[in-house]
Amino acid sequence: MPLTGEYAPSTSKRSRDQAELIESSGGTEGTTLGGRPVILLTTVGAKSGKLRKTPLMRVEHDGDYAVIASMGGAARNPVWYYNVRANPHVELQDGPQKWDMRAREVTGEEKALWWDRAVQAYPPYATYQKRTKRDIPVFVLERM
Ligand SMILES: C[C@H](OP(=O)(O)OC[C@@H](O)[C@@H](O)[C@@H](O)Cn1c2nc(=O)[nH]c(=O)c-2cc2ccc(O)cc21)C(=O)N[C@@H](CCC(=O)N[C@@H](CCC(=O)O)C(=O)O)C(=O)O
């Protein structure tokens, strides 16, 4: 059952512009960053209940995805992290395809496995983790 609600644009122009380009082009434009694939994650705002759309690097394995709350290695988690914690039913758009997914935060060996996949997909993640004491969270998204 797709997420419904009022869209509330990101306060980050870069993210807002990329999210809106991905959506308006039906997933044919705006789907890379530095030549690496980007997906669009739709979450339900933990406070507003509005739909938030966040471009993130694509990390995929056998039809499952991971999203990495890296925020460039900042000291704090991105806000969308708290949305997913509060509402694990998210929507993932990968190119023209969209799925309802259920997100769960992973730890331990499962997180290490997905972290390796993430760094392979987007090597700067390794730099971001070195940049912060924060343990960068990883959610695995599985089809509902
Ligand atoms: C800027 C801020 O966004 P954020 O959710 O903190 O996310 C920050 C970044 O992660 C986000 O901009 C990402 O898109 C940046 N980003 C990546 N960020 C990552 O963390 N990981 C990535 O892999 C990644 C890749 C990427 C690729 C392309 C691109 O253009 C951007 C990319 C924002 O929109 N804040 C809103 C609030 C949004 C929100 O969700 N509000 C909640 C309240 C939540 C609460 O307060 O608890 C609500 O509506 O209820 C605001 O301040 O009004």
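The values are calculated or read from the model by the stated rules, or taken from the named source; none is laboratory data. From a predicted model like this one, the values you see are computed outputs, not experimental measurements. In this analysis, Cβ positions are derived from the backbone assuming ideal geometry, glycine residues included, and neighbour counts consider all displayed protein chains. Note: areas computed on protein heavy atoms with side chains; ligands, DNA, RNA excluded. Shrake-Rupley method; radii C 1.70, N 1.55, O 1.52, S 1.80 Å.
Miscellaneous remarks
- Taking Lys and Arg as +1 and Asp and Glu as -1, the other residues whose beta-carbon sits under 15 Å from that of TYR7 total 0.
- GNM flexibility winner over the chain from ALA75, ALA19, ALA66 (Cα, springs under 10 Å): ALA75
- Ordered from largest to smallest accessible area (heavy atoms of protein chains, 1.4 Å probe), the residues LYS47, LYS130, LYS98 come out as LYS47, LYS130, LYS98.
- Take the Cβ atoms of SER24 and ALA112, set R0 to 35 Å, and the FRET efficiency comes out at 0.40.
- Taking LEU113, LEU21, LEU41 as the candidate residues, the one with maximal mean-square fluctuation in a Gaussian network model of the chain, Cα springs under 10 Å, is LEU113.
- The alpha carbon centroids of the range 66-82 and the range 84-127 are separated by 11 Å.
- Against the main long axis of the alpha-carbon atoms of the chain, helix 108-121 sits at an angle near 70°.
- GNM remark for the chain: springs join alpha carbons under 10 Å apart, and the peak mean-square fluctuation among ARG117, ARG52, ARG76 falls on ARG76.
- Extension gain for the segment SER48 to ALA126, taken as residue separation times 0.36 nm less the Cα-Cα distance, is 24.8 nm to one decimal.
- Net charge of Cβ neighbours under 10 Å - reference ARG143; Lys, Arg +1; Asp, Glu -1: -2
- Options LEU33, THR11, ALA66, ranked by Cα towards positive dipole end of the chain, top entry (Cβ charges): THR11
- Dipole in debye (nearest 20) - the chain, about Cα centre, beta carbon charges: Lys, Arg +1; Asp, Glu -1: 700
- Proximal charge balance of ASN83 [Cβ under 13 Å; K/R count +1, D/E count -1]: +3
- Close amide-amide hydrogen proximity is noted between ARG58 and VAL38, ILE39, each under 5 Å apart and 5 or more residues distant or on a separate chain (H modeled in the peptide plane; Pro and chain starts excluded).
- Computed over every Cα-Cα pair of the chain and binned at 10 Å starting from 0, the pair-distance distribution P(r) comes out as 12, 45, 37, 6 percent.
- Cα gyration tensor, the range 39-100 - rounded (a/c under 1.5), prolate or oblate: oblate
- For TYR65, the residues whose amide H sits under 5 Å from its own are LEU141, ignoring neighbours fewer than 5 places away on the same chain, with H placed 1.01 Å from N.
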